[in-house]
Structure formats: structure tokens, C-alpha cells
Amino acid sequence: MKLIELVILIVVVLAVALLITVGFEHIIPSTSVRRLAEFYLYTAYNPLVNYTAMSPEAVTAIVWDFRGLDTLFETSVFYLALIGSLALVRGLFVEHVEKSGHGLSIIVRTVTRITAPMIIAVGASIGLHGHLTPGGGFQGGSVIAVLPMIVIVVFSAGFLVLKGVTTSKLITTRSLGLIGIGVTAIALFLAGLALGTSAYVFQNMAKPAAQISMPVSIGGALISGTLWFFNLFEMFAVAAGFTIAFLAIMMARTLEAEKR
Amino acid sequence: MSSVEMLNTYFLSIVLASLLVNTTIALYALFFKPHYVKKVIALTIFSDTVNTFAIFIGYRRWVGQTPPRVPVLTDLNQNAIENTIEEFKSLAVDPLPQALVLTAIVIGLAVILFLVFLGWILYSHYKTLDMREIRGLKG
Amino acid sequence: MVPGETGVYLLMAIMSLLSAIAVYMAIRERDLVRAVIYSALQSGLYAILYFLLLAPDIGLVYIPVAVGLIPGVLLVLISKTERWERE
């Protein structure tokens, strides 16, 4: 065992030295960016060209408009991992709870009741302003998903189930979020079929070959077409997904406790 | 190089070298530590360090005396939009690695959640999480 | 007085060195609860590094996930299985 560790260490040190010598000016940052980055920065919000995304935030425009198919498949990978985890512990937890368990002291419970609406407000603000400031669907959903974890620890897991937050309702919420994302993705395609013009599948604004586009602003407020709807549905889907995972790992019991 | 230039490059090389050291320590622990939870912790450290390396490549240095900017356009005045976009293009950092790392973080999180459930099933079957003993059992 | 550029790079270097120390202490600790806490400390230092590298989108995802949700799930798993790593 000792000889293998020494050989691995020497090989790693030699490889790192070669990497630093050959690729030095590409790894340490310089004063200019690549041409692909300049293209994305130029067309993220530019009402004068005809292949723009009309969103002042370049990262959200890349995630949901320029490279929207990557995000679609990443959402489906997360969904498959969640379904796989629930299938593993399927026979091991019961949803019928008679009374809630014993939580923490009354000071902690009062403070949690005061800060719970604040967490939801901050998460919703980060999620719905994703096309104007740094933020978006994932960020808002993750912040909101911290709240059920705190409630399960401070009150108890039975308290949450007795309030009506069961696994089947959370799976329904997540599925509704994913259906909303799917409908928003093909909305312009179906509108183009109905009107007789041609349209792409993940289309947001008017392109040279397809002249149909979503509204840029409603009532004077900038919404950047499909980006606002994507952020809204993704926020619900991510929050419901994390809550399911934490509830399932908290309430799983062993095989002997089932058979007794 | 002048001395200020060499000092700046030295600090950036410290960041690069410490990221490589983190990767090596996490890979060592993933192979040679016997407990399952320690391996999961090492896997999270490894994936986070690789994501930080990707964002570090997309950084941009100061041009003269002006610092670089976050890739968010804040001045939406429609009259001077051409000049604003030209200045934005010459000062902002690269937005493409940030979009790809966002996807990579969520996928890594999904894999870690699945591994935790798998660890619970392993414990309820074999009564231990020590991988040397599980490797020695035969069915 | 250090000029602005060198000050930012100095802060980045200090955060990276502290995160290397936190990773080393997390790996060679035999009490698993302390290892999870050191891993959460390393994630907090990485979040400050993301802010200094001008990537606020990534920092906003990273703080709830790697400081709140992943240590929470790992601590529930440790409390249901075993806590000490054998030699």
C-alpha cells in the first residue's frame, strides 16, 4: 500500500508541473475575454440587433434562452434522482401520524414563527427578479427550501405531516412546475402552427427566420418574454423537490421496526 | 515584469495552487478512507473545487485603473444604449462558465442526495458502514 | 497603502489558504460530526471566493445548498447510523 501511494504522489506532482508550464497564459486570467463571451455580452440586451434575448442579466439569458436545452435536461436529471431515491425507501416509511412529536423549547418556536414569512419573502424576491438582478429560479427555490428543514427540526416531522404537507401533495406540486416549464417552452411553437408562420421550439424573441415573439414588457415593466415564467415554475419545482428529499430521509425507519 | 505585476501574478498563483491541493486531498480521501460518509464528504469537496476552478478561468484582470464588472447591465437608458453596450463588453467578466457551473452544481446535488439514501439502505442491510467489512461479506 | 487590485488578490489568496486548511482538517478528523462542520466551513469560504471572483449567481445557489441542505441531510444520516470512524 505504501508503494502505490508514493507512485501516485510523484505522478501527480509531475503532471501538475507540466500543466502549469504549458498552459500558463491560458489558466492565469488576462485582461481580455474570449470572442464567444463578447458575443454573449453584446447580444444579451440589445434592441438594435435581431437575435437578442432582451434581458439585462447575461447569465439568466444564457441559462434559459441561449442554452435552454441544457437546463431542461438538467431539471429532468434532478427529477429522476428524486424518483430513484423515493423508490429505494418506498416500503420504509408510513404517512399516518396520530399526534405530533416533542419539539424544542418555546423561545425557539416563537422565533421560528417570526422569521418564517421573511424567508419566503426573500426567496420569492430573488426568484422573480431573476432577469434584472443576479438571481433566478434555482436560487429562489433553494432559499425557500430551507424553511421546511428548519420547521422539521424545531417542531417535529409529525407536525408538518399533520398540517397537510404530505409526500403526494409535494410530488403533485413538483409535477405541476415541470408541466408549466414544458408548456412555456412550446407555447410559441404552437402559436406559430395556429397562425401559419414558422417558429422554433424554445423561442423567446423574434429571430430572422421566425417573426413571432413573446411580449418584452407588460404595462411598462420589463419581463423579457419567457424568462419570467420559467423562473416562476422552476422556483416551485425546486422548493418542492428539496422538501420531499428531507421529509423522506427524516421519516425512514428500519426493516426490523416494520416487521415487529 | 515589474514588481507590482509579479505580486499580482503571485497571488493568483496561490489561489490556483490551493485549488489543486484541495483536489488532491479530496481524491486521496475518496480512495483510501474506509467509512462511507467520509467518502461522500470527499466527493462534495472534489466537485465544488472543480467548479471553482472553472469560474476562476473566466475571470478578468483590471484594465488600467478600472476594475472589472459583474455581467449585469444596469443602465437601460434607451438614448445612449450603443455606448453603454460597448463599455459593458470591454469591462465585464465571462458569463458562460457561470451558466455551466450553475447546471453542474444542481446535478452534483442530485447525486449526493441519492448517495445518502443509498447509505441508509446499506446500513439497514449490513448493520455497518465500514466498506472493508462490506467488501468481505459474500451475499 | 496597497492599490485596489493587489488588495482584492490578497483577499482571494487568504481565503484559498484558509479553505485548504479546512479541507485537511475535515479529512483527518475521526468524529464524523466535526468533519461535516469543517466541510461546511470550507463551503462558506468558497462562497466568499465566489463573491470576490464576481459571480453572485453562483454564490446565491451555493450558500443555501452547501452550508444548509447538504450538512443537514448528512447529519440526519449520521444520527441514524454510526458516528465514529474505526481505524
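The values are calculated or read from the model by the stated rules, or taken from the named source; none is laboratory data. Because the structure is a prediction, the values reported are computed rather than measured. Glycine gets a Cβ as well: all are built from the backbone with ideal geometry, and neighbour counts include every protein chain shown.
Things worth noting here:
- So A:Pro117, is it more than 30 Å from A:Ser213 (Cβ to Cβ), at the interface with chain B (Cβ under 10 Å from one of its Cβ atoms) and over 19 Å from the mean Cα position of the chain (by Cα): no
- The set of residues in segment A:31-60 that are touching a strand residue (DSSP E or B) at 6+ places or on another chain (Cβ under 8 Å) and surrounded by fewer than 17 Cβ atoms within 10 Å (Cβ to Cβ) contains only A:Thr31.
- Test result for A:Gly84, out of contact with any Ser or Thr (no Cβ under 7 Å at 6 or more places or on another chain) and facing chain B (nearest Cβ under 7 Å): yes
- Checked against (1) of a type in the set (Gly, Ala, Ser); (2) within 11 Å of A:Ala239 (Cβ to Cβ); (3) in contact with a His (Cβ under 7 Å, 6 or more places away or on another chain), A:Ser156 meets all criteria but (2).
- Positions within segment B:68-97 being assigned to a loop (DSSP other than H, G, I, E, B) and either over 30 Å from the mean Cα position of the chain (by Cα) or without any contact (Cβ under 8 Å) to a residue 12 or more places away in the chain (or both), in sequence order: B:Thr74, B:Asp75, B:Leu76, B:Asn77, B:Gln78, B:Asn79, B:Ala80
- Only a single item in (1) surrounded by 18 or more Cβ atoms within 10 Å (Cβ to Cβ); (2) outside any helix (DSSP H, G or I) is not met by C:Ala22, and it is number (2).
- Residue list for segment C:50-65, restricted to those being within 9 Å of chain B (Cβ to nearest Cβ) and β-branched (Val, Ile, Thr): C:Ile58, C:Val61, C:Val65
- Looking across segment B:35-69, just one residue is touching an Asp or Glu at 6+ places or on another chain (Cβ under 9 Å), more than 7 Å from every other protein chain (Cβ to nearest Cβ) and closer than 23 Å to B:Phe114 by Cβ, and that is B:Tyr36.
- Residue list for segment A:167-195, filter: aliphatic (A, V, I, L, M) and within 14 Å of A:Ala237 (Cα to Cα): A:Leu170, A:Ile171, A:Leu176, A:Leu178, A:Ile179, A:Ile181
- If you check C:Ala13, C:Ala47, C:Ala22, C:Ala35 for being closer than 25 Å to B:Ile14 by Cβ, modelled with pLDDT of 90 or more and facing chain B (nearest Cβ under 9 Å), only one passes: C:Ala13.
- Some residue of segment A:10-29 being buried (at least 17 other Cβ atoms within 10 Å of the Cβ) and at the interface with chain B (Cβ under 9 Å from one of its Cβ atoms): yes
- Residue among A:Ser213, A:Ser168, A:Ser224, A:Ser217 that is touching a Ser or Thr at 6+ places or on another chain (Cβ under 9 Å) and surrounded by fewer than 20 Cβ atoms within 10 Å (Cβ to Cβ): A:Ser217
- For segment A:144-181, the tally of residues that are among the small types (Gly, Ala, Ser) and at pLDDT below 90 stands at 5.
- Residue list for segment C:58-87, filter: aliphatic (A, V, I, L, M) and more than 15 Å from the chain's Cα centre (by Cα): C:Val73, C:Leu75, C:Val76, C:Leu77, C:Ile78
- When the helices (runs of 4 or more DSSP H) confined to segment A:1-65 are screened for residues that are closer than 30 Å to A:Leu132 by Cα, those reaching at least 2 such residues are found at A:35-43, A:58-61.
- Selected residue (only one of B:Tyr10, B:Tyr59 is crowded, with 21+ Cβ neighbours inside 10 Å, over 19 Å from C:Gly44 (Cβ atoms) and either in the same structural domain as B:Ile107 (by TED's automatic domain parsing) or not polar (S, T, N, Q) (or both)): B:Tyr59
- 3 or more residues among the small types (Gly, Ala, Ser) and touching a Pro at 6+ places or on another chain (Cβ under 7 Å): qualifying helices (runs of 4 or more DSSP H) within segment A:139-254: none
- Condition met for A:Tyr79 (in contact (Cβ under 8 Å) with a residue 40 or more places away in the chain, hydroxyl-bearing (Ser, Thr, Tyr) and surrounded by 12 or more Cβ atoms within 10 Å (Cβ to Cβ)): yes
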